[in-house]
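Enquirer: First the structure, then my questions, so here it is.
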Amino acid sequence: MTTAQQETTSSSERPAAVYRLWAADGTLLYIGSSYTPEERSKAHSHTVWGHLVARRTDEWHPSRWRAYDEEARAIAAEDPAHNVVGTPRHTGPTERGRVQREASEARWSVALAAIRAGASEGEARNAGGWAEVEYLEASGLTQGLAARSGGTPWNTGAPTTHGT
């Protein structure tokens with residue numbers, strides 16, 4: 001996809017990659033997601049571990065939401081050495097805020113896609129709410145949120161993630 005095409009495509013429809021950064025000895029250093037993995041992975045060169053990166057692999061997905069979902073699953077399953085969010089090392093407010101923002105983006109992306117597919121406003125809200133819940137649980141930020149939501153992730157139009 002050309003840059004011009006990307007600029008005219010909504011972010012929910014734009015392909016995004018899950019990228020993995022590897023050390024020369026095969027150690028998985030980091031998993032991330034981006035529309036432009038080459039540019040995003042350059043930012044890691046400024047980290048304390050950036051000098052260890054020997055190669056990058058990319059796995060493309062049809063949308064940012066799909067890439068976020070796969071990124072969270074991959075981090076949880078593969079436990080890269082330098083990821084924090086989605087691992088037992090996740091503790092800081094900066095990481096927590098990023099995950100909550102990404103979960104909110106997933107909620108609205110899914111809700112919008114549901115509306116475009118012909119769902120009612122209520123169905124779209126519910127689908128988006130569940131997407132947010134699933135993202136937060138997959139990230140490791142919350143555990144058992146779906147079980148606590150009582151069958152619906154929405155409470156008067158707001159996600160039930162407040163206070164978690």
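Enquirer: Among what's in the range 32-77 and is open to solvent by 50 Å² or more (accessible area, probe 1.4 Å) and small (Gly, Ala, Ser), pick the residue that is nearest to GLN100 (Cα to Cα).
Expert: ALA76
Enquirer: When the residues of the range 13-31 are filtered to those that are under 11 Å from SER63 (Cβ atoms) and crowded, with 17+ Cβ neighbours inside 10 Å, which remaining residue is modelled with the highest pLDDT?
Expert: Checked the range 13-31; the qualifying residue modelled with the highest pLDDT is ALA16.
Enquirer: Test each condition in (1) open to solvent by less than 60 Å² (accessible area, probe 1.4 Å); (2) at pLDDT 85 or above for PRO159 and report the one that comes out false.
Expert: (2)
Enquirer: Could you list, in sequence order, the residues of the range 121-141 that are free of Cβ contacts under 8 Å to residues at least 12 places away in the same chain and open to solvent by less than 50 Å² (accessible area, probe 1.4 Å)?
Expert: Scanning the range 121-141 gives a single hit, GLY122.
Enquirer: Further question: Within the range 75-90, does at least one residue satisfy the condition of being part of a loop (DSSP other than H, G, I, E, B), modelled with pLDDT of 95 or more, more than 24 Å from VAL133 (Cα to Cα) and touching a strand residue (DSSP E or B) at 6+ places or on another chain (Cβ under 9 Å)?
Expert: no
Enquirer: For the range 15-72, name all the residues that are out of contact with any helix residue (DSSP H, G or I) (no Cβ under 8 Å at 6 or more places or on another chain), basic (Lys, Arg) and assigned to a strand (DSSP E or B).
Expert: Hit for the range 15-72 is ARG55, nothing else.
The values are calculated or read from the model by the stated rules, or taken from the named source; none is laboratory data. Just so it is clear, the model here is predicted, and its values are computed rather than measured. Here the Cβ is made from the backbone with ideal geometry for all residues, glycine too, and neighbour counts use every protein chain on show. Just so you know, the surface numbers come from the protein's heavy atoms only, side chains and all, with ligands and any DNA or RNA stripped out. Shrake-Rupley method; radii C 1.70, N 1.55, O 1.52, S 1.80 Å.
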